[in-house]
Amino acid sequence: MRVLLVEDEDGLRKPLAAMLRHQGYEVREAASLDEAWDAFVEAEPDLVSLDIMLPEGEDAGFRFAEELRAAGYEGPILFVTARDAVDDRVRGLDLGGDDYLVKPFNLEEYAARVRALLRRGSPVKKSRFERGPLAVDLAARKVFWQGREVELTGREFALLELLVLNPDRVFTAEELLERLFPGTESGLKIVRVYIHRLRHKLGPEVVATVPGGYRLGVA
């Protein structure tokens with residue numbers, strides 16, 4: 001799942017982005033409205049995490065949310081701001097926000113709200129995928145192999161989820177690197193490492209190596 005994180009405070013944005021990536025999300029960061037629009041167009045996010053006060057003005061986040069809704073964006077918007085007045089909360093929700101979190105906050109609470117909004121906002125996440133010995137509960141983020149639950153890390157689950165949601169598509173190693181491991185210095189090696197991990201934890205056939213890249217292997 002893709003998250004657009006719009007926050008001009010580096011000291012908050014970077015820890016939030018790191019935590020979300022650790023949990024398996026694709027994250028695009030933006031510190032201004034110009035960056036936010038560019039990232040939005042490129043990333044097509046499933047969720048927007050949005051500060052209200054940005055370099056363009058103290059209500060810039062409100063304007064961005066309003067423009068997103070006017071442009072047809074239907075995904076969840078989570079306002080994250082230091083402004084705790086009731087009027088601001090009401091305004092944010094009336095402009096199309098789905099949740100409103102006041103700074104300072106606990107990182108785990110933030111992550112829980114992101115998960116809740118994505119479950120609520122995406123019908124795909126409420127489904128269960130089953131093929132051969134593999135079963136994946138996309139809402140609960142649980143994986144079963146031959147009827148036995150297998151615990152995956154956030155990145156391992158993100159890789160499996162991508163393959164499950166596109167079961168007949170072939171992904172190149174470069175695509176997997178860009179989608180799941182942006183900014184890594186390990187190069188394509190990290191893709192091979194995580195494919196090996198999935199095969200070790202589930203079964204060697206769960207990820208198939210085919211001409212052009214990789215795809216879900218179970219039938």
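A short reminder: the numbers here are calculations on the coordinates, not readings from a lab. As the structure is a computational prediction, the values presented were derived from the model and not from experiment. So basically every Cβ, Gly included, is an ideal-geometry build from the backbone, and we count neighbours across all protein chains shown.
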Note to self: Considering only C-alpha atoms, what is the centroid distance from segment 1-62 to segment 138-166, in Å?
What the structure shows: 26
Note to self: Taking amide H atoms as placed 1.01 Å from N in the peptide plane, list the residues 5 or more away in sequence, or in a different chain, whose amide H sits under 5 Å from that of Val170.
What the structure shows: none
Notebook entry, point to check: Expressed as a fraction of 2.2 N^0.38 Å, the rule-of-thumb size for a compact globular protein of N residues, what is the C-alpha radius of gyration of the chain?
Noted result: 1.09
Notebook entry, point to check: Between Phe144 and Asp94, what is the label-to-label distance in nm when each label sits 7 Å out along the Cα-to-Cβ direction?
Noted result: 4.8
Margin query: I want to check the label-to-label distance for Leu188 and Val210. Put each point 7 Å from Cα in the C-beta direction and report it in nm to one decimal.
Written below: 1.8
Next item on the list: Express as a percent, rounded to the nearest 5, the fraction of DSSP beta bridges in the chain (both residues included) that run antiparallel.
Entry: 50
Next item on the list: Subtracting the Cα-Cα distance from 0.36 nm times the residue separation, let me have the gained length for Lys201 to Asp38 in nm, one decimal.
Entry: 54.9 nm
